[in-house]
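Participant: Following this message is one structure expressed as structure tokens.
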């Protein structure tokens, strides 16, 4: 028979941890083997003779620690039944001592079986508590399970966010899904103004979503180290606000939000802290690497989806505004076409007396001028916004600029019965700029005020001057501008809603042009309005010249045109109506005119009888105007003619191309009769013509 020492050696050297416990629901440790000492990191003297649950207490701060009650129940079943009782995989953290002497709980997982030990008479004398530390296996299984759960969550998140169009909905949905996945108290989506070091936040909580807080709080309430970490773009992990040295001095601020533990994921935008995704719990929490990684991933996905949604919203808004603008453009172009068409019909129906003929011609002229103005506005905005305008800069006196602008809009102001008040600073105010363009800026603003102020309104133009700047304010008591429109009022195609009758007219391009021109001058323009019916104030701010300077070139008055000699003129245009009306105009001025609609026939006609001048459309079929003038210049008998391009293309590049091809002048359709006749008259005086 084996000696007792052999049995003792088997017990002590077993690779499975084993305790001998007194038969009680609060047992005393009678013996432990070496495997227990290695697993627990304890000495035999510190355990033997101690009550089991005093030596291995539960963690009172961890609601997930159910090890003690589970083991008590198992021991009670062994005592009651006299049978062995097996515990499945059990989470049972054990208390450990840190190097600094403080205590903590280390995460452990165990499998255990409690076996009753009876004496010869069948009395229960002790309980063998066998344990196997399966922490490593449990962590591997948990990691696999977490990985699968994370992938499933990410797929569900992607599906949920894909259907949403609003950045706010995206942030709230992602926050709700993350909060439910982790089982935490709150997820907060924080919008940060890093310049003012303040923030506002939107919450998800289990009971539902909260609206965006109207209260703006300061970042420094929550600790300088916390804010420095976030501004560096580093995720912040706080397991216990009251114990962490970075947050403990500021725990009252966290308590006001019901936060005891926190993970914050920052987003850096343009070098500044822009947003923070904050995971918050009302109890201390040992955030795992998997939870932190999931939060980082959700933050990245959410911000990417929100930015895409915001870009899509902006594209839809821009497309809508473009469509509205095109509809408005069609409306504005149809308006003058109606009286032009009617006038043309009248001219063809019956002979007219001189008075009616003059009135009809005046209508056509006035409406063509209006259409030309619309097209010029479009082209001007296009040139300016694409940076194709060269400013002719010189020192400008703002008093002169203001006076010229006021004079331009005076007819409209008087027609509307408005009162215009100019309040100019008494000190000299000079800026460096293009006088014509600066007058255009102020006249556009004054025109805007006159159009959108009911008859009999009041308009003020006020200048303010300091050492570095000149400010011009254009104020009115008109219809005002809604708050939601003001941030984009200077954008192309953007304007406030107007009434269906569109009695104000125009394309609404003036403010886009104003901003572009002001910025070309190194200035800024802004708008302020308290809303509909409250009037508006536009402010232009320009850099002031450091020293007084002379005013810009004075505007020259009209110069009388001396009469020239009659010329032989060839008109080449495939638009028959355009060619014939131009022929009538030139013949009425005394010129001899031939017209051709085909460029090859025009070339033949010019060779047969060289013209003194030719007005040539660029957009001809088969051979464009550039090639035609090059062929004419190449022939000795037509090389010296005066050639004028007449085209709908008016960019600087178009003018340069016409000049390089051999044209003497470039006119943009519809050219005014005065411009055409003036060119021919100058031509008739060259070399005695």
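Just so it is clear, none of the values below were taken in a lab; they were calculated from the coordinates. Everything numeric here is computed off the predicted structure, so don't read it as measured data. Every residue, glycine as well, gets a Cβ built from its backbone with ideal geometry; the counts of neighbours run over all protein chains shown.
Participant: For the modelled label position 7 Å from the Cα of residue 232 along Cα-to-Cβ, which residues of the range 261-283 have backbone nitrogen atoms closer than 14 Å?
Facilitator: Flagged as within label range: 266.
Participant: Here is a further query. If I model a spin label at residue 125 and residue 357 as a point 7 Å from the Cα along the Cα→Cβ vector, what separation in nanometres do I get?
Facilitator: Here the answer is 14.1 nm between the modelled labels.
Participant: May I pose another question? Distance between the C-alpha centers of the range 26-61 and the range 416-483? Whole Å please.
Facilitator: So the separation of the two Cα centres works out to 88 Å.
Participant: Tell me the Kirkwood hydrodynamic radius of the range 4-133 in angstroms, computed as one over the mean inverse distance between distinct C-alpha pairs.
Facilitator: Details: mean 1/r = 0.0654 Å⁻¹.
Kirkwood radius, the range 4-133: 15.3 Å.
Participant: What is the fewest-to-most order of 28, 78 by other Cβ atoms lying within 10 Å of their Cβ?
Facilitator: Values: 28 17, 78 22.
Ordered by Cβ neighbours within 10 Å, fewest first: 28, 78.
Participant: Label points 7 Å out from Cα along the Cβ direction at residue 300 and residue 410: separation in nm?
Facilitator: 6.7 nm
Participant: Oh, and also: Nearest 5 is fine: what % of DSSP beta bridges in the chain come out antiparallel, could you say?
Facilitator: Details: 80 of 103 bridges.
If I count the DSSP bridges inside the chain, around 80 percent turn out antiparallel.
Participant: With everything on Cα atoms, drop me the angle between helix 398-416 and the longest principal axis of the chain, reported from 0 to 90° to the nearest 10.
Facilitator: Roughly 80 degrees between the two axes.
Participant: Expected output is a single nm value to one decimal: the length gained when fully extending between residue 399 and residue 623, i.e. 0.36 nm times separation in residues minus the C-alpha distance. What is it? Intermediate values should be presented prior to the final figure.
Facilitator: Working: separation 224, 0.36 × 224 = 80.64 nm, distance 5.18 nm.
Here the answer is 75.5 nm.
Participant: With label points built 7 Å along Cα→Cβ from the Cα atoms of residue 180 and residue 371, find their separation and express it in nm.
Facilitator: The two pseudo-label positions are separated by 6.2 nm.
Participant: If you don't mind, there's one more thing I want to ask. How large is the helix-only mean residue ellipticity at 222 nm for the chain, computed as the sum of -39500 (n - 2.57) over DSSP H runs with n ≥ 4, divided by its residue count, in deg cm²/dmol to the nearest 500? Mind dumping the intermediate values first?
Facilitator: Working: 19 runs with 293 residues, N = 689.
One gets -14000 deg cm²/dmol as the mean residue ellipticity at 222 nm.
Participant: Over the chain, how many percent of alpha carbon pairs lie in each 20 Å bin up to the one with the longest distance?
Facilitator: Cα pair-distance distribution for the chain, in percent: 12, 27, 24, 15, 12, 8, 2, 0.
Participant: Between the alpha-carbon centers of the range 284-298 and the range 599-627, tell me the distance in whole angstrom.
Facilitator: What the calculation gives is 78 Å, centre to centre.
Participant: What FRET efficiency comes out for the pair residue 66/residue 158, r = Cβ-Cβ distance, R0 = 30 Å, nearest 0.05?
Facilitator: On the way: r = 35 Å, r/R0 = 1.17.
The computed FRET efficiency comes out at 0.30.
Participant: Please report 349, 422, 236, 667 as a ranked list, fewest other C-beta atoms within 10 angstrom at the top and most at the bottom. The partial results should precede the final answer.
Facilitator: Working: 349 8, 422 14, 236 24, 667 18.
The order, fewest Cβ neighbours first, is 349, 422, 667, 236.
Participant: For the Cα atoms of the chain, what angle does the longest principal axis make with the long axis of helix 167-182, in degrees from 0 to 90, nearest 10?
Facilitator: That helix lies at roughly 10 degrees to the long axis.
Participant: Follow-up question, since we're still on this one. If I fit a long axis through the Cα atoms of helix 67-81 and take the longest principal axis of the Cα atoms of the chain, what angle between them do I get, 0 to 90°, rounded to 10?
Facilitator: On a 0 to 90 degree scale, this one is about 40.
Participant: Moving on. What is the extension gain from residue 634 to residue 97, computed as 0.36 nm multiplied by their sequence separation minus the C-alpha to C-alpha distance, in nm to one decimal?
Facilitator: Here the segment from residue 634 to residue 97 would lengthen by 183.1 nm.
Participant: With N set to the number of residues, divide the alpha-carbon radius of gyration of the range 568-688 by 2.2 N^0.38 Å and report two decimals. Spell out each step's value before the answer.
Facilitator: Details: Rg = 12.9 Å, N = 121, 2.2 N^0.38 = 13.6 Å.
Normalised by 2.2 N^0.38 Å, the Cα Rg of the range 568-688 equals 0.95.
Participant: Contour minus end-to-end for residue 424 and residue 316, with contour as 0.36 nm per residue of separation and end-to-end as the Cα-Cα distance?
Facilitator: Details: separation 108, 0.36 × 108 = 38.88 nm, distance 4.32 nm.
My answer for the length gained is 34.6 nm.
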